[in-house]
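Report on the following structure.
The values are calculated or read from the model by the stated rules, or taken from the named source; none is laboratory data. Note that the structure is predicted; figures quoted are calculated from it, not measured. Every residue, glycine among them, receives a Cβ derived from its backbone with ideal geometry; neighbour counts consider all protein chains shown.
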Amino acid sequence: MRFAVYQVSRKGGRPKNEDRMGYCYTRSAGLFALADGMGGHPEGEVAAQMALQTLAATFQHEAKPTLADPLRFLQDAVLAGHHQLLRYATERSLLDTPRTTVVACVLQGQAAFWAHCGDSRLYLVRDGKLVVRTRDHSYTELHGALAQSGQPVPTDSPRFNRNVLFTCLGSPGKPVIDTAGPLLMMPGDRILLCSDGLWGSVSDAAITEALAHRPIQDAVPELAEQALRNAGSRSDNVTVLAVEWEADEAAESTQAVSTRALGEEVFASTIQASLAAGDVAADELDEAEIERSIREINEAIKRSAQKKP
Amino acid sequence: MSKPKPAPLPSGTVVGGYQIVKKLAAGGFGVVYLAEDSDRHSVAIKEYLPASLAERSPGELTPRVKPEKQPLYRLGLKSFFEEGRSLAQISHPSVVSVLNFFRENETVYMVMNYLQGDTLQDFIVTARDLKRDKVFRESTIRSLFDEILRGLRIVHQYKMLHLDIKPANVFITNDNKAVMLDFGAAREVLSKEGNFIRPMYTPGFAAPEMYRRDGTLGPWTDIYAIGACIYACMQGYPPNDAPQRLEKDRLALSLSRLRNVYSDNLIEVTEWCMSLDPLSRPQSVFALQKELSRETERRYTKLSFSERLKLQIESLKTGAKT
């Protein structure tokens, strides 16, 4: 399996970044995930981190090196994250449970599978066109979907915020987890996962456009930058992760991953295994970000070296 | 400071495929080494090793950072990245170029062009010791700063400020190119977040807004330093520092000593750059470049009798030499 991946998370105008992202892979399967811890509830960043860790740990446990049933894996692992959050809140006697959205995608064989809960999204762009976009679990999108399918749409009561989510991990009810796939991947297909910080201020058309026409290592930071610019000083956290399937080997960039090089038992991950590491509040620079910064700098060096006469 | 400085890497150590030849310099932020790449080309390597946060005993490779200092250490690291990121984008002969950036020994390294030559500071000291009436020729000063300003303009275009321009950070290579060194974007962030690294500015070259916590820094801040550098190139010594000037400003007076030696225009430009009020300075490098490159006939105005008298009285009072 061969793919290129690029991820960026920016704090925006918020006091902390409650978004988390990461990916992990074995020789024959890859998991890409993103979670957006919810404000208005305690410890959003813990919720997001836990959801990802549970996904990654389950993946590591079950992908040997392929997942027997990717859709079931997604369903179970996302739900397991939910249970982790409830347990975490109970153990600490929190009055309220930390909550998070999550979107995750598995690439295995020649196919993609994905799941989401809440309003973090997945976009899939093929040949310059948007092929897939997940529907948020918000009242806005629900109404849109109902209207489209010709079903009666409940009339809004005026005090009702339509952007409110009706499900997420950590809420009292059982979360709604939508899964989809398999979708057969074509070389050059691009998948993007993002938090609402991106789609809230950059249109689907602009996201598709950037993803379709620019290398992901340009498109991802540019989209994040655009979102921050559009949202101004009060910008939400913006997190974007993009994967290019079977990226052109000729255009080998430093973030291209070929899993064939991995041994049978090997598991690679950018998702931190322990919560403790994420607990250092001032520590915004995690390992993945350090590696990414170094990569980015070296790419910039290469680019400017090319510009030199 | 009682704490010993972290030990530099011993000569011969190999990091990231480069072999350390010797330590060149050490600052608050880390150590700069002369090293050789695999083709035996010389490079300069800057190691992130903040003296106040990291410890390393002689012979050790990996610095130790106490847990309570981790957040600041990481914050500094972020700034180090910012410096690398900005420099990496800039490809200009007057700005030191970054060749590589890598991680090893649990810290990070920035590989830069190794330049051979001397700093402008060295040149100023040598020239002033010759005790001629001029430290540098005016044409030399103009062409030198024309080169530096071209580089600085690009730096500002990348939304970066140098914030520590001084003759010691301007390098004159053996083939006569001026190159700016030691980019201080890092310094800015650090001084904002916690004043844990020694002076963030060099007296004499730092604009008054650098001394204030709430001071708005901008291109004008670097322009002040450029003015101070031109001053040093004419006078042989750095100007009074900004707090002194705020108390009693002798800049105009000391510049008047240079009248008839340097053109009125160059003296006026220097004074303009060094205005205490940021808004009174040239607001962009471009504005300054335009003024400096204006090729009109140079006017020289001699001191009048009363001005000479004033100067003499001033020197008697302060005991300074004229």
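What to note about this one:
- Residues of segment B:163-182 satisfying the condition of being among the basic types (Lys, Arg) and within 16 Å of B:Ala228 (Cβ to Cβ): B:Lys166
- Positions within segment B:93-106 being touching a residue at least 60 places away in the same chain (Cβ under 8 Å) and either in contact with a Lys or Arg (Cβ under 7 Å, 6 or more places away or on another chain) or crowded, with 19+ Cβ neighbours inside 10 Å (or both), in sequence order: B:Pro93, B:Ser94, B:Val95, B:Val96, B:Asn100
- Some residue of segment B:68-88 being surrounded by fewer than 17 Cβ atoms within 10 Å (Cβ to Cβ) and not in a helix (DSSP H, G or I): no
- Top-ranked residue of segment B:90-119 - restricted to ones that are of a type in the set (S, T, N, Q) and more than 12 Å from chain A (Cβ to nearest Cβ), ranked as nearest to B:Val43 (Cα to Cα): B:Gln116
- Only one of the numbered conditions (1) within 13 Å of chain A (Cβ to nearest Cβ); (2) loosely packed, with under 15 Cβ neighbours inside 10 Å; (3) of a type in the set (D, E, K, R) is not met by B:Asp39, and that is (1).
- Qualifying positions in segment B:62-89 - more than 7 Å from chain A (Cβ to nearest Cβ), closer than 18 Å to B:Lys159 by Cα and not hydroxyl-bearing (Ser, Thr, Tyr): B:Phe80, B:Glu82, B:Glu83, B:Leu87
- Pair list, Cβ under 6 Å, 6 or more apart: segment A:172-187 residue within 15 Å of A:Trp114 (Cβ to Cβ), other residue of a type in the set (S, T, N, Q): A:Val176/A:Thr167; A:Ile177/A:Gln75; A:Thr179/A:Gln75; A:Leu184/A:Gln110; A:Met185/A:Gln110
- Helices (runs of 4 or more DSSP H) wholly inside segment B:107-216 that include at least 3 residues being modelled with pLDDT of 85 or more and surrounded by 18 or more Cβ atoms within 10 Å (Cβ to Cβ): B:120-128, B:138-157
- Residue, nearest to the other protein chains (Cβ to nearest Cβ), within segment B:120-138, restricted to residues that are of a type in the set (D, E, K, R) and in contact (Cβ under 8 Å) with a residue 40 or more places away in the chain: B:Glu138
- Members of segment B:261-286 found to be more than 16 Å from B:Ile230 (Cα to Cα) and assigned to a helix (DSSP H, G or I), listed by number: B:Pro278, B:Leu279, B:Ser280, B:Phe286
- A:Gly39 satisfies every condition listed in (1) of a type outside the set (Phe, Trp, Tyr); (2) more than 27 Å from A:Ile216 (Cα to Cα); (3) not in a loop (DSSP other than H, G, I, E, B) except (3).
- Any hit, segment A:78-92, residues being in a loop (DSSP other than H, G, I, E, B), over 16 Å from the mean Cα position of the chain (by Cα) and among the charged types (D, E, K, R): yes
- Residues within segment A:93-110 that are more than 21 Å from the chain's Cα centre (by Cα) and not β-branched (Val, Ile, Thr), tallied: 4
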